[in-house]
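The values are calculated or read from the model by the stated rules, or taken from the named source; none is laboratory data. Predicted, not measured: the structure shown is a model, and the values here were computed from it. So basically every Cβ, Gly included, is an ideal-geometry build from the backbone, and we count neighbours across all protein chains shown.
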């Protein structure tokens, strides 16, 4: 995988200029505040899209993006992301999911996005002990193998649903499949993933 590739998507969509990413990383290492503005210019829209998809609220999404840039500032160095887009996207996604779950606990239900998270939690769980963090790293490696073996369209649907948390309706519109077919495909993919993880004794 090249330094500009986000797994499952065209490298031309995001992070197609590795040199620019390296320049931004150098700004972080030099503790230059320009790193934040350069990150906003290059990846602000990308991060906001992830957060809005999860939260459905632009104000909350912007707060998550701000938190993402602060986390990046505090993390680089010592961290040295191989793929800056993926690094920032993961921070944004985790921050937005944490905010959503907190909000959902208060409201007892979080709509379509909460449903997507629950679907995946049924397969891989959601505990946060030190032991399960080790297991989660192994699960991540297994998930990457699972995705790599999927046909391109199935991989796209799975990633859009469980990374970007697109709704079934949105996926249906994007792929041209009916909503029932899309839901059925996702169910089959989750079932196959659970079978693979069970066979590898990760569940």
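State the number of residues belonging to region 159-186 that are under 18 Å from the mean Cα position of the chain (by Cα) and in a helix (DSSP H, G or I). Total meeting the criteria: 8. How about region 175-186: which of its residues are under 12 Å from residue 157 (Cα atoms) and loosely packed, with under 12 Cβ neighbours inside 10 Å? Passing the criteria: only 176. Per the listing 150, 189, 135, 139, the residue uniquely surrounded by 15 or more Cβ atoms within 10 Å (Cβ to Cβ), in a helix (DSSP H, G or I) and at pLDDT 90 or above is 189.
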